[in-house]
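Comments concern the structure below.
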Ligand SMILES: Cc1cc2nc3c(=O)[nH]c(=O)nc-3n(C[C@H](O)[C@H](O)[C@H](O)COP(=O)(O)O)c2cc1C
């Protein structure tokens, strides 16, 4: 399988990027392409901009990467219970090209935050709304209290129960 993996965060020190990178390393039977959404920067969506200048090429390029993938692995950062502005902007621009942004691909959705909630609000938002965007969410997992449960030095989860939960959700992408 060709799996496209990314963190829905534009932070250079993103903990969701650390998590999704670790999760991707467990999918060693597959080809996993890691994307950094910072490489797809675009202006804040504005219908006047769209009418005047069209859709930024970066939105087309990101959508093409989704088209080329067999499955998606995404880890969502939570800002005020919601998507980060950077991811929402990408989603908005891509939806102007094709509302079915996820193009029917199976998706494993992850999330984490430093707090005990583990960004579960944005994870619910993303998974509950994915069908509007042509997404087929096969499994999701929120990792609470990131800094207590992740060994940043070695780039891996440090909690046996969470490791086994992560393996279980990743199996779903493999059998999708
Ligand atoms: C503007 C802002 C709002 C935030 N809101 C939440 C929140 O609602 N829930 C939460 O668990 N963490 C919240 N956080 C903390 C983030 O979870 C934390 O910054 C985390 O590192 C973001 O993920 P990232 O490192 O992958 O970007 C917020 C952080 C910022 C800067």
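The values are calculated or read from the model by the stated rules, or taken from the named source; none is laboratory data. As the structure is a prediction and not an experimental result, all values here were calculated from the model. Every residue, glycine among them, receives a Cβ derived from its backbone with ideal geometry; neighbour counts consider all protein chains shown.
Of all the residues that make up the range 1-24, how many are free of Cβ contacts under 8 Å to residues at least 60 places away in the same chain and more than 8 Å from the ligand (Cβ to nearest atom)?
Filtering the range 1-24 for residues free of Cβ contacts under 8 Å to residues at least 60 places away in the same chain gives 12-13, 17, 24.
With more than 8 Å from the ligand (Cβ to nearest atom) added as a condition, the list becomes 12, 24.
The qualifying residues number 2.
Could you please tell me which pairs satisfy a Cβ distance under 8 Å, a separation of 6+ or placement on different chains, a first residue in the range 37-66 that is under 21 Å from residue 103 (Cα atoms), and a second residue that is modelled with pLDDT under 95 and surrounded by 11 or more Cβ atoms within 10 Å (Cβ to Cβ)?
From residues that are under 21 Å from residue 103 (Cα atoms), the pairs are 58/41.
Among the numbered conditions (1) within 16 Å of the ligand (Cβ to nearest atom); (2) more than 20 Å from residue 70 (Cβ to Cβ); (3) touching a residue at least 60 places away in the same chain (Cβ under 8 Å), tell me where residue 156 comes up short.
Status for residue 156: all satisfied but (1).
Of all residues in the range 25-38, how many are away from the ligand (no atom under 16 Å from the Cβ) and either more than 16 Å from residue 166 (Cα to Cα) or touching a helix residue (DSSP H, G or I) at 6+ places or on another chain (Cβ under 9 Å) (or both)? Step through it out loud before you land on a result.
Of the residues in the range 25-38, the ones away from the ligand (no atom under 16 Å from the Cβ) are 25-33.
Retained after the next criterion (residues that are either more than 16 Å from residue 166 (Cα to Cα) or touching a helix residue (DSSP H, G or I) at 6+ places or on another chain (Cβ under 9 Å) (or both)): 26-27, 29-33.
Number of matching residues: 7.
Being touching a helix residue (DSSP H, G or I) at 6+ places or on another chain (Cβ under 6 Å) and either within 16 Å of the ligand (Cβ to nearest atom) or at pLDDT 95 or above (or both) is true for just one of 47, 95, 111. Which residue is that?
Being touching a helix residue (DSSP H, G or I) at 6+ places or on another chain (Cβ under 6 Å) and either within 16 Å of the ligand (Cβ to nearest atom) or at pLDDT 95 or above (or both) holds for just one of 47, 95, 111, which is 111.
What's the number of the condition residue 41 fails, among (1) over 13 Å from the mean Cα position of the chain (by Cα); (2) within 16 Å of the ligand (Cβ to nearest atom); (3) surrounded by fewer than 17 Cβ atoms within 10 Å (Cβ to Cβ); (4) modelled with pLDDT of 95 or more?
The one condition residue 41 does not meet is (4).
Does any residue in the range 108-133 that is under 17 Å from residue 6 (Cβ atoms) come within less than 7 Å, Cβ to Cβ, of a residue that is more than 8 Å from the ligand (Cβ to nearest atom) and part of a loop (DSSP other than H, G, I, E, B) six or more places away or on a different chain, and which pairs are these?
That search, which allows pairs on different chains as well, returns 122/83; 130/102; 133/99; 133/100; 133/101; 133/102.
Check residue 148 against each of (1) surrounded by fewer than 17 Cβ atoms within 10 Å (Cβ to Cβ); (2) more than 14 Å from the ligand (Cβ to nearest atom) and name the one condition it does not meet.
Answer for residue 148: the failing condition is (2).
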